[in-house]
Amino acid sequence: MEYEDKAGRPSKPPSPKQNVRKNLDFEPLSTTALILEDRPANLPAKPAEEAQKHRQQYEEMVVQAKKRELKEAQRRRKQLEERCRVEESIGNAVLTWNNEILPNWETMWCSKKVRDLWWQGIPPSVRGKVWSLAIGNELNITHELFDICLARAKERWRSLSIGGSEVDYEDAGSSAADREASLELIKLDISRTFPNLCIFQQGGPYHDMLHSVLGAYTCYRPDVGYVQGMSFIAAVLILNLDTADAFIAFSNLLNKPCQMAFFRVDHSLMLTYFAAFEVFFEESLPKLFAHFKKNNLTPDIYLIDWIFTLYSKSLPLDLACRIWDVFCRDGEEFLFRTALGVLKLFEDILTKMDFIHMAQFLTRLPEDLPAEELFASIATIQMQSRNKKWAQVLTTLQKDSRETEKGSPSLRH
Amino acid sequence: MGNGSEEDYNFVFKVVLIGESGVGKTNLLSRFTRNEFSHDSRTTIGVEFSTRTVMLGTAAVKAQIWDTAGLERYRAITSAYYRGAVGALLVFDLTKHQTYAVVERWLKELYDHAEATIVVMLVGNKSDLSQAREVPTEEARMFAENNGLLFLETSALDSTNVELAFETVLKEIFAKVSKQRQNSTRTNAITLGSGQAGQEPGTGEKRACCISL
């Protein structure tokens, strides 16, 4: 009986090996290890019937293995084809962007064809260029202006590092101590910007660029200064543009109404944005909205991080870049539409959670969030509330808040 | 004090982590809730959350910890998160005097927005960097004593006193709660805070176990 058991083992799937097998790319040889060709000499020979049975079992296993091998090869071929297809379509897209769209930007950028292509994601090689064009340069910042601001920032760093406290700060708006703290803060934050990429930290290839853009900005806009969250935005731009162009895009981007409201921490205006968001939230996802209300989960808890960093901290970087693509196309509205897309994607999970689990989930989104699913989810969100669009709802709320709120507003839950 | 199972608890205490940017709030929290430390943790924007359930005697206490951004400019936003908190760790970096110099401001901010009877511990973090110390232990201890705060020096990096810090705060809250319960004839009416954000709405039973001080 015991012998049979031992001999019979190969016919059963060896369970610990199964897990290993799944991880192997190539697996047919694994079965040969299981053949019991002949028994060790010290054991009695197998009965013919049993030997026959085992041979049969072995052959079946080989057939199975071959089948699996074939299937695996097919899967890999498919994968390769898919990758080729994607690469080809990216290649084609690059050509279209470079040869057709970019040279005719003004006339073409709002056409349906371009908008559709845009939604699918801008190829990385033209991304910076498209972002720059779409963000624009309302502020008319030149490379020379960047150089001037950077030179000033460098002067300050130098005087700070030699302990010069009598430096003449001619800019109004903030005290010398604030500015010093601001420079300290930039230093601190740079090391905490995409730490896992290891390129912005001291000694990393992009460290000086990030330092330059942020430093130059505090000289360009001392009234705004450095605010946490900026380092992430500057970093994403630096990954796609050279330093001076990154600075131009950065300054113009922060000058947009929504970004200005947040980075100046204009409390009442931020609340207005949250209120507008809730109007569309209730309209698009009434059940989840009610669940959030019941649990006192206010939008500031998750939106602040998402809006301040334009999702670059909360989503995988390549996915965040795709969000930026469409944000550059559609403006601030898309940031809130994305938020609704995220909420919708996880609606089923979220409705089963209590306050703390939702708060934890939303402030630390799954790292493997699938891009196509998220975009499919965002696509289903219509930013329409009783025939009103985002801008209309926001304007109405802004008017309301100006009229009703004379006292100091506060973020109350 | 042992670990209770995550979803089986009698009490929920909301605790906030506050203090200047870069003093190590996020690392203190990750050390306490996950026993992890990261040299390059990311900047906290807004607020992040973590929980850990611990046993205090026979009671399972779930600490619901709100890790807030330290940036001055964010203060208007983050102070709203103090509401309903029954405990706070006010953290400074003992190698940076500036982060200690502003502790009083943080304290005022906290008392303006949190429950009046909130348990506060002053925490001098980064005690592993003793060569770079800028804040003498005695100075901070005196300040804490004079202001009725608990005090400990910790190192999120080498774990020194991290457990003890959270543990002490939770025990202190628990002691207050127990005393209050004895004094109260209608224990079932006691709630944590007043039903604001951060509140587990819970079932009647759990609600009965949430406490306000």
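The values are calculated or read from the model by the stated rules, or taken from the named source; none is laboratory data. These numbers were taken from a predicted model, which means no experiment stands behind them. Backbone-built Cβ (ideal geometry, glycine too); neighbour counts: all protein chains shown. Side chains are part of the model used for accessible areas, which takes the heavy atoms of the whole protein and leaves out ligands, DNA and RNA. Shrake-Rupley method; radii C 1.70, N 1.55, O 1.52, S 1.80 Å.
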What number of residues within region A:316-334 are within 14 Å of chain B (Cβ to nearest Cβ) and open to solvent by less than 10 Å² (accessible area, probe 1.4 Å)? 1
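Among B:96, B:126, which is the only one that is within 14 Å of another protein chain (Cβ to nearest Cβ) and surrounded by fewer than 23 Cβ atoms within 10 Å (Cβ to Cβ)?
The match here is B:96.
Each row is one residue, and each column tells you yes or no for (1) polar (S, T, N, Q); (2) farther than 25 Å from residue A:392 by Cβ.
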{"site": "A:255", "(1), (2)": "yes, no"}
{"site": "A:271", "(1), (2)": "no, no"}
{"site": "A:275", "(1), (2)": "no, no"}
{"site": "A:291", "(1), (2)": "no, yes"}
{"site": "A:299", "(1), (2)": "no, no"}
{"site": "A:342", "(1), (2)": "no, no"}
Restricting to region B:14-58, name every residue that is over 24 Å from residue A:198 (Cβ atoms) and of a type in the set (D, E, K, R). B:14, B:20, B:52
Here is a list of conditions, (1) within 10 Å of chain B (Cβ to nearest Cβ); (2) closer than 20 Å to residue A:152 by Cβ; (3) in contact with a Lys or Arg (Cβ under 8 Å, 6 or more places away or on another chain), and residue A:226 meets all of them except one; can you say which number that is? (3)
Being open to solvent by less than 20 Å² (accessible area, probe 1.4 Å), within 12 Å of chain A (Cβ to nearest Cβ) and of a type outside the set (S, T, N, Q) is the filter here, so list the residues in region B:30-56 that pass it. B:45, B:46, B:47, B:49
Among helices (runs of 4 or more DSSP H) completely within region A:246-295, the ones holding 1 or more residues that are within 14 Å of chain B (Cβ to nearest Cβ) and in contact with a Cys (Cβ under 9 Å, 6 or more places away or on another chain) are A:267-284
Please work out which one of (1) within 14 Å of chain B (Cβ to nearest Cβ); (2) part of a helix (DSSP H, G or I); (3) more than 20 Å from residue A:135 (Cα to Cα) is the condition residue A:306 fails and give its number. (3)
Region B:57-88: number of residues that are within 10 Å of chain A (Cβ to nearest Cβ) and open to solvent by less than 30 Å² (accessible area, probe 1.4 Å): 16
Part of a helix (DSSP H, G or I), open to solvent by less than 10 Å² (accessible area, probe 1.4 Å), in contact (Cβ under 8 Å) with a residue 24 or more places away in the chain and within 14 Å of chain B (Cβ to nearest Cβ): does that describe residue A:200? no
Test residue A:178 against the stated conditions and say whether it is open to solvent by less than 50 Å² (accessible area, probe 1.4 Å), among the acidic types (Asp, Glu) and either at pLDDT 60 or above or on the phi > 0 side of the Ramachandran plot (or both). no
